[in-house]
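The values are calculated or read from the model by the stated rules, or taken from the named source; none is laboratory data. Source: prediction; values computed, not measured. Reconstructed Cβ throughout: ideal geometry from the backbone, glycine too, with neighbour counts over all protein chains shown. What goes into the accessible areas is simple: the full protein's heavy atoms, side chains included, and nothing from ligands, DNA or RNA. Shrake-Rupley method; radii C 1.70, N 1.55, O 1.52, S 1.80 Å.
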Amino acid sequence: MKLNKKNTLKVGGLLTVGILTLSACGGNESEATAGTGSGEMPAVTIAIPPSIHGLGPATAYQEGLFEEAGIEVSIETIQSGSEGAALIAGGDAQFALFSYDNAINSVIEGHNNVMTIPITTQDAELSSDPHAAGSIVVDANGDIESLQDLEGQRIGTSVLGGEAYLNAYQVLENEGVDVSTIEWIQVPGPQHVSSVLQGQVAAAVTPEPNLSIAMVDGSVRPIAAVSGALPNAPSFGFASDRTWAEENPEVIEVVRDVIFEVNTRLNNDPALVAESIKEYMGLDDEVAEMVKAPRFAEEPLSVEILEPIAARLVAFNQISENEMPNLEEVIFSAE
């Protein structure tokens, strides 16, 4: 689905959000998007899901900032990371939104993807307010009162081993919960609330704006924030085909600068966040003003800021130390 300025994306019900997985190899660049050497910027396609993490690129597009910077951008709406990976592999998108946990796994699996532009980061600290950009939610009328009550229970998460899962695992462990007694169930984002209310799981790790949408009708309540479990770590970013990135560093720089400009504004203007959410996602005023946005990235990627992500993957037995790639292979550098 193409997003355009005249027909903003309208989303009904709960959104397909959560941690995106990579499932396709990096692939061939199309002739239309190859570097021309003429100084002209090629047209590019950006693949983002209808989630809060795509707000920066969507806002920049809606305001015509890419055009002002001299680059023609199309937005392709995706529902999963596999869709984005397939678009990159086929040369049909030059940027697609992925999490960094899965970006590391992508390198291990030999895919040709590389992270080019940071989009969002985790909070600077774990919020004491249970309503955050990502939270553990339970039935508002159920018996779960604390994190300790989740011992021996089932918890739903969008992707096993993804960022939301790892954040929740870390929060529970830090609070002294015996995580070994918990059964983790993979549940698609739109089904988080129904799975809790129907008793299929005792809790779900739910991101915004699904969380605020569900809170409006009072069916679920958050009992703990999870975003910020790994303070200041990068959360989501744009991946590109490595070969295309190496041939088009100037395009990456222009797109990055535009997104950083918008991200700075979003970080400092809650009213702009709410207005952008309404325009991008078609949410009403009440929900848009409730949504807790993540921190939007304003600085380039570096090996140093990826190190906590890599260390946690090893500590939580998602990747062995021997499997861990050189982190310089995960991020793009024009140098």
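Remarks
- Peptides 177-183, 136-142 ordered by average Cβ neighbours within 10 Å, highest first: 136-142, 177-183
- Protein accessible area in the chain, 1.4 Å probe - carbon and sulfur %: 44
- Under Karplus coefficients 6.51, -1.76 and 1.60, residue-wise ³J(HN,Hα) of the range 271-286 in Hz, glycine/proline x: 5, 5, 4, 4, 5, 5, 4, 5, 6, 6, 10, x, 7, 7, 4, 4
- Using R0 = 25 Å, the C-beta based FRET efficiency linking Q186 and D284 works out to 0.25.
- Using a cutoff of 8 angstrom between alpha carbon atoms and counting only pairs six or more residues apart, the relative contact order for the chain works out to 28 percent.
- More than 35 angstrom apart: percent of Cα pairs within the chain: 18
- Diffusion coefficient, µm² s⁻¹, Stokes-Einstein with Kirkwood Rh over alpha-carbon pairs of the range 209-335 at 25 °C and 0.890 mPa s: 140
- Positive minus negative residues near Q122 (Lys, Arg vs Asp, Glu; Cβ under 13 Å): -1
- Hypothetical label at I108: residues of the range 289-318 whose amide nitrogen lies under 14 Å (7 Å Cα-Cβ projection): 309-318
- Dividing the C-alpha radius of gyration of the range 165-226 by 2.2 N^0.38 Å, with N its residue count, gives 1.12.
- Three principal axis lengths of the range 232-295 [C-alpha, angstrom, descending]: 45, 23, 20
- For the listed peptides 70-77, 254-261, a ranking on the average number of other beta carbons within 10 Å per residue, highest first, reads 254-261, 70-77.
- Cα-centre dipole for the chain with unit charges at Cβ (Lys and Arg positive, Asp and Glu negative), debye to 20: 760
- DSSP beta bridges in the chain [antiparallel fraction, %, rounded to 5]: 65
- Two-site FRET efficiency, N322 against S219, from Cβ-Cβ distance with R₀ of 45 Å, rounded to 0.05: 0.50
- Computed from phi, the 3J(HN,Hα) profile of the range 40-47 under the Karplus parametrisation 6.51, -1.76, 1.60 (θ = phi - 60°) reads 7, 7, x, 6, 10, 10, 10, 9 Hz, with x in place of Gly and Pro.
- Neighbours of A93 by Cβ distance under 10 Å: Lys/Arg scored +1, Asp/Glu scored -1, total -4.
- Applying 1/(1 + (r/R0)^6) with r as the Cβ-Cβ distance of E261 and A43 and R0 = 25 angstrom yields a FRET efficiency of 0.75.
- Distance between the modelled labels on N268 and S82, one decimal in nanometres: 4.2 nm (7 Å Cα→Cβ projection).
- With all protein chains kept in place, the per residue accessible area of the chain amounts to 41 square angstrom at a probe of 1.4 angstrom.
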